[in-house]
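Structure first, then comments.
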Amino acid sequence: QVQVVESGGGLVQPGGSLRVSCEISGIDFSAYALSWYRQAPGKEREKVATIGSTSSRFDYKLSVQGRFTASRDNAKNTMYLQMDNLTPDDSAVYYCNTPYGSLFPWGPGTQVTVSS
């Protein structure tokens, strides 16, 4: 049974940093490229970062390039998103899944709020 759990969100001031995590159990974690998504209130879910299965490929949404860094630890079945220089526009619930959409069940997400 596949389980997806995101964690690490919170309240941070503009310009601050936060690292969120995504643990996926029940799969051959190292076989999959993975993506981070986010959804703000009233908006569509959008993909913000993708990391290849062996961390050799990265893709980022233009608005987060240079500020967000995806990484993964295949031994821990965990992917991370380091977010620096955060702005209020980054406030959203952050989710993880494959780059192709909902191959896995969506997890609960983790709320990131950027506010002074």
Problem - Selection count, region 80-116, where residues are free of Cβ contacts under 8 Å to residues at least 60 places away in the same chain, open to solvent by 30 Å² or more (accessible area, probe 1.4 Å) and charged (D, E, K, R) - result: 1
Exercise for the section: Take THR69 and decide whether it is out of contact with any Ser or Thr (no Cβ under 7 Å at 6 or more places or on another chain), of a type in the set (S, T, N, Q) and either surrounded by 13 or more Cβ atoms within 10 Å (Cβ to Cβ) or free of Cβ contacts under 8 Å to residues at least 24 places away in the same chain (or both). Expected result: yes
Fill in the blank from the handout: Checked SER63, SER30, SER35 against criteria (among the small types (Gly, Ala, Ser), touching a residue at least 24 places away in the same chain (Cβ under 8 Å) and closer than 19 Å to SER7 by Cα); the one match is SER35
Exercise for the section: Kindly check whether there is at least one residue in region 31-50 that is more than 19 Å from TYR95 (Cβ to Cβ), polar (S, T, N, Q) and either in contact with a Leu (Cβ under 9 Å, 6 or more places away or on another chain) or open to solvent by 70 Å² or more (accessible area, probe 1.4 Å) (or both). Expected result: no
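The values are calculated or read from the model by the stated rules, or taken from the named source; none is laboratory data. These numbers come from a predicted model, not from an experiment. Here the Cβ is made from the backbone with ideal geometry for all residues, glycine too, and neighbour counts use every protein chain on show. Heads up: the accessible areas ignore ligands, DNA and RNA and are worked out on the full protein's heavy atoms, side chains in. Shrake-Rupley method; radii C 1.70, N 1.55, O 1.52, S 1.80 Å.
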